[in-house]
Amino acid sequence: MKESLVSLALFAAVAAITGCQQEQATVIPEGMSTAQGKALSGVKPAAMTPAVYASLTSSAKQGVIADELRTIGKAIKAYRAKHNGKWPGSLTALVTEGLLPAKALVSASDPTGGKEGGVPKSYDQWQKSEEADEPDCSFLYELCSATAKWDWKSYLAGSPSVATVDLDKDGEVSWQEAKLWHLARGDTTQASPGAYPLNRFPVVRCYWYGYPGSKDDTKQRSVISLAADLETVFLSQPWWEKDDAPVTLP
Ligand SMILES: [Ca+2]
């Protein structure tokens, strides 16, 4: 009798937690009643169209992208567990290895369906990231194996040489090599350059959340990122290093 009561209590607790998670996943578009919104609760982010996404409130949009990023984070964790801690060289590698469905790399927030890559073409300031673009992928992967063509040399702490940053000694500095250096040693925006906390350093970024006026106002918090701990998701200015108060999303 006692045991069955305990089981019942456990069942109730699990049901409460599960119900709570479902409630969090519910997104209600602007102008829609709660009842209509509840009807949408079965729509998972991966199945959500850009049209539905466009109709959501800002916080619901953030929730959709946070879910997408955390799904990718789980797959990266699985990849690292399988490869002795090594970071994947691309997000596509997660799909190739069967750790993530291909559609998970296309964000509901991206009206091009992954054709423009991690940074929208309209976002002029970051065209130098094109070498990191992956086919049918809406996200910018900071630890990709593409050669880093941005000016990392003058930006990373201590202005390191190619030979110092080029860990695999192939003569090129990849984004992954530059960024792992960045994570461990910091950059010139810091008063005292040093390692960044894992929950503050972005590894997968979504520039599609919404950035009205971002060309003119780069201090607007318009980019949502998955941090290097592969769990924290935060909203920040595009240049996250200069953002004193990035917002951690639930
Ligand atoms: Ca290299």
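THR112 to TYR155: extension gain in nm, 0.36 nm per residue of separation minus the Cα-Cα distance?
On the way: separation 43, 0.36 × 43 = 15.48 nm, distance 3.17 nm.
Additional length available on full extension: 12.3 nm.
Relative contact order of segment 105-250: what whole-number percent is it, with Cα pairs under 8 angstrom and at least 6 residues apart? If you can, show how the numbers build up before the last one.
Working: 290 pairs, mean separation 25.4, N = 146.
Averaging sequence separation for qualifying contacts and normalising by length gives 17 percent for segment 105-250.
Could you check the simple spin-label distance between GLN220 and SER58, using points 7 Å along Cα→Cβ, in nm with one decimal?
Distance between the two pseudo-spin positions: 1.0 nm.
Can you find, among ALA75, SER129, GLY118, the residue farthest towards the positive end of the dipole of segment 64-167? Put +1 on the C-beta of Lys and Arg, -1 on that of Asp and Glu.
Farthest towards the positive pole: ALA75.
If you rank TYR207, TYR53, TYR155 by fewest surrounding Cβ atoms within 10 Å, what's the result? Spell out each step's value before the answer.
Numbers: TYR207 27, TYR53 23, TYR155 14.
Going from sparsest to densest Cβ surroundings: TYR155, TYR53, TYR207.
Working out 0.36 nm times the residue gap between LEU167 and LYS74, then minus their Cα-Cα distance, what length gain in nm do you get to one decimal?
Details: separation 93, 0.36 × 93 = 33.48 nm, distance 2.58 nm.
Stretched fully, the LEU167-LYS74 segment lengthens by 30.9 nm.
Between ALA51 and ALA102, how high is the FRET efficiency from 1/(1 + (r/R0)^6) when r is the Cβ-Cβ distance and R₀ = 30 Å? Nearest 0.05. All intermediate terms of the calculation are to be shown ahead of the outcome.
Values: r = 21 Å, r/R0 = 0.70.
Taking R0 as 30 Å, the efficiency between ALA51 and ALA102 is 0.90.
Under 13 Å from the 7 Å Cα→Cβ point of SER192, by amide nitrogen: which residues of segment 232-250?
Backbone N within reach: none found.
Under a Cβ-Cβ cut-off of 12 Å, what is the net charge of the residues other than VAL106 that fall near it, where Lys and Arg count +1 and Asp and Glu count -1? Kindly include the intermediate steps, with their values, before the conclusion.
Numbers: positive: LYS103, LYS115; negative: GLU68, ASP110, GLU116, GLU134, ASP136.
Computed value for this residue: -3.
Every read-out reported here was derived from the displayed coordinates using simple, explicitly stated rules and does not represent laboratory data. Just so you know, these numbers come straight off a predicted model, no measurement behind them. All Cβ positions, glycine included, derive from the backbone under ideal geometry; neighbour counts span all protein chains shown.
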